[in-house]
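Below: the structure, in C-alpha cells.
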Amino acid sequence: MADLIDLALTLNRQPVRLRARSDLRLLDLLRDELRLTGAKEGCGKGECGACTVIVDGHAADSCLMMAFQVDGAVVETIEGLAGAGLHPLQDAFIETGGVQCGICIPGMVMAGKALLDRQPQADLDSIRAGLAGNLCRCTGYTKIFAAVARAAGQPAPHPPAVASTPPAAPGYYRPRSLEEALEILTQRGGEARPVAGGTDVLVKAKDGQQSRASLFDLTAVAELRGIEERDGHLWIGAGATHTEMIDSPLVARVIPSLPQACAVIGGPQIRNRGTLGGNLANASPAADTVPPLYAADAVVELVSVSSRRDMPVAQFFTGPRQSVLAPDELILGVRVPIRAGVRGCFLRLGQRQAQAISKVSVAVGMTFRDGRPEWVRVALGAVAPTVVRAPETEKALLEGGYEALRRAREAVKAEVVPIDDLRSSRAYRREMAAVLLERAVRRVAEA
Ligand SMILES: Cc1cc2nc3c(=O)[nH]c(=O)nc-3n(C[C@H](O)[C@H](O)[C@H](O)COP(=O)(O)OP(=O)(O)OC[C@H]3O[C@@H](n4cnc5c(N)ncnc54)[C@H](O)[C@@H]3O)c2cc1C
Ligand code: FES
Ligand code: FES
C-alpha cells in the first residue's frame, strides 16, 4: 500500500509543493497530478524518449523515475519552454517541418533543449547522438535533426533555473546519508528495495516483476557519489552515472575501456540516470560496465549496518542475475588499482548502435614495456553465465606480435561458452568474440 508523501521541487521555474502517492513515477506525477500532459507514455520502459523531461539540467525519461526522486530538484517540461513567444527550438521544429506527431515531438524538443543548453553550437553528429534516446516511428529524423541544428547557437529565452525549493520528502523515501539508507534496508528487511537511476528496476516494475511501493531512493546519499583518487586507487561511487564516468578524465586515464563502455549504454537519458551500482547489482552477463572492471582488477566495496567487505569483481557475480550482494547490503563503490601507462579498449556488438543490449562484448587492458606487452587482461560479456576473464587468451597475447594475436583469437573461442538465444546464435557469438578481440588488441597496440 502506497503512502502519501510531501514533495517540493522547482518546476518550470516555479516552486511547487504537493502531496502525492509514494508509488507514482515522475511521468504519473506530471500527467495525472499536475496536468502537464506534454510528456507522453510511449513504451514506459526507457526505449522511446516520448516522456523526456529535463531534471537538474540533464535529459531524463520520466517513465523511469520515481516522483520522490525529484524532491528538491529542478524539473523542466515542454510546458515551461515558451515564454512571451515560442522557444527557438519550437520555432525551428515548425519552420523545418520537424513537427510530425504529438507523441514523440515533445520528447524530441526536450532532448534537443538539454543538448543545446550544454552544447549551444552542437554539430549534426552531436545532435544525432543527443537524440539517440528518442524514437520516431515515422522515420522523419532528417527534419527533426535539421530543426535542432537550426536552433543551435540561438540565444535561450530564459536563464537556467536553479533549485530554490528545499526538499520535503521524508528520509524514509529519500535518505540523505549512507547510515539512513542502510537503516532502511535493515529495518524493512527484504521488503525495501533501493532505486538509483531506475533504468533497470522501473522497467521490471512496468513488467510487473517489482512493486514500486517498496522502493526508496539512493541518489541523495552523498557517500555513494563521486569519482576520485584514494590511496593509490581510483574510487568510483556506486551512484556515479554513466555520463559522469564518460566525462571523468581520471576514469579515462586509469581504466580507459570504462568510459568507452558507458558511452554505448542506452541513449543519453539512460546514461544520465543509470549508475555503476545499478549495473553491477543487476548482474546481467551483458552489463557493459562489467568487462572493463574485470579487465582492471577492480574490487567491489559492499557495506551493511554491521559490516563492510571487499570483493574482487569476478567473485561478486555468481550466475546470471545473481551476485553475493546480501539483502541488507549496498554497493558502496568500486576500487581500481592505478597502473602507469595502462591502455584499454571496449568493443561490443549489438542489434543496433543505440539502445541495444550487447550480444558479445570485449574489454582489453594492457601495459607495455619496450614495445612488448607486459600486463594483459581480457574480459568478455554476454558469452557465458557471467562476464568472464580469458586467461589463456591473455597468456597468448603476452607473447606479442602477429602470431600471438592469431593464437589469442583461437584461445578466446575456446574460453567462451555462449548460448543460443533470441539475440544471436552460439556459433556467431563465438566467432564475433574473436573478431572483437583482434580489433580491440589492435586499437590498444596502436593507441
Ligand atoms: C533502454 C535501455 C537501454 C539500456 N542499455 C543498456 C546497455 O546498453 N548496457 C547495459 O549494460 N545496460 C543497459 N541498460 C540497463 C541499465 O540502464 C543499466 O544496468 C544501469 O546501469 C542500471 O543502473 P540504475 O542506477 O538505473 O539501476 P536501478 O534500476 O536504479 O537499480 C537496478 C538494481 O540495482 C540495485 N541497486 C542500485 N544501486 C545499488 C547500490 N548502490 N547497492 C545495491 N543495490 C543497488 C537496485 O535495487 C536494483 O535491484 C539499459 C536500460 C534501458 C531501459
Ligand atoms: S515512455 Fe518511452 S522512454 Fe518513457
Ligand atoms: S514524430 Fe512521432 S512517429 Fe515520427
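The table for this structure:
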| quantity | calculated |
| --- | --- |
| Long-range neighbours under 6 Å by Cβ, at least six apart or interchain, first residue in contact (Cβ under 8 Å) with a residue 60 or more places away in the chain and assigned by TED's automatic domain parsing to the domain that holds R118 within segment 138-165, second within 16 Å of ligand 3 (Cβ to nearest atom) and of a type in the set (A, V, I, L, M) | A151/L89; A151/A92 |
| Residues of segment 15-40 satisfying the condition of being surrounded by fewer than 17 Cβ atoms within 10 Å (Cβ to Cβ) and either farther than 20 Å from V109 by Cβ or of a type in the set (D, E) (or both) | P15, V16, R17, L18, R19, D32, E33 |
| Positions within segment 244-267 being within 11 Å of ligand 1 (Cβ to nearest atom) and either part of a helix (DSSP H, G or I) or in contact with a Ser or Thr (Cβ under 6 Å, 6 or more places away or on another chain) (or both), in sequence order | M245, A261, C262 |
| Number of positions in segment 237-267 that are under 8 Å from the mean Cα position of the chain (by Cα) and more than 26 Å from D421 (Cβ to Cβ) | 2 |
| Residues that are crowded, with 17+ Cβ neighbours inside 10 Å and either in contact with a strand residue (DSSP E or B) (Cβ under 9 Å, 6 or more places away or on another chain) or in contact (Cβ under 8 Å) with a residue 60 or more places away in the chain (or both), drawn from segment 113-128 | K113, A114, L115 |
| Those residues of segment 287-308 which are in a loop (DSSP other than H, G, I, E, B) and crowded, with 20+ Cβ neighbours inside 10 Å, in sequence order | A287, D288, T289, A295, A296, A298 |
| Breaking point among (1) without any contact (Cβ under 8 Å) to a residue 60 or more places away in the chain; (2) under 18 Å from P194 (Cα atoms), for L218 | (1) |
| Qualifying residue in segment 83-97 (condition: farther than 22 Å from V162 by Cβ and among the β-branched types (V, I, T)) | yes |
| Verdict on D32 being part of a helix (DSSP H, G or I) and among the charged types (D, E, K, R) | yes |
| Filter result for the condition that a residue is closer than 30 Å to I357 by Cβ and not in a loop (DSSP other than H, G, I, E, B), over L135, L185 | L185 |
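The values are calculated or read from the model by the stated rules, or taken from the named source; none is laboratory data. Since the structure is predicted, the reported quantities are computational estimates derived from the model, not experimental observations. For neighbour counting, all protein chains shown are included, and Cβ atoms are generated from backbone atoms with ideal geometry for every residue, glycine included.
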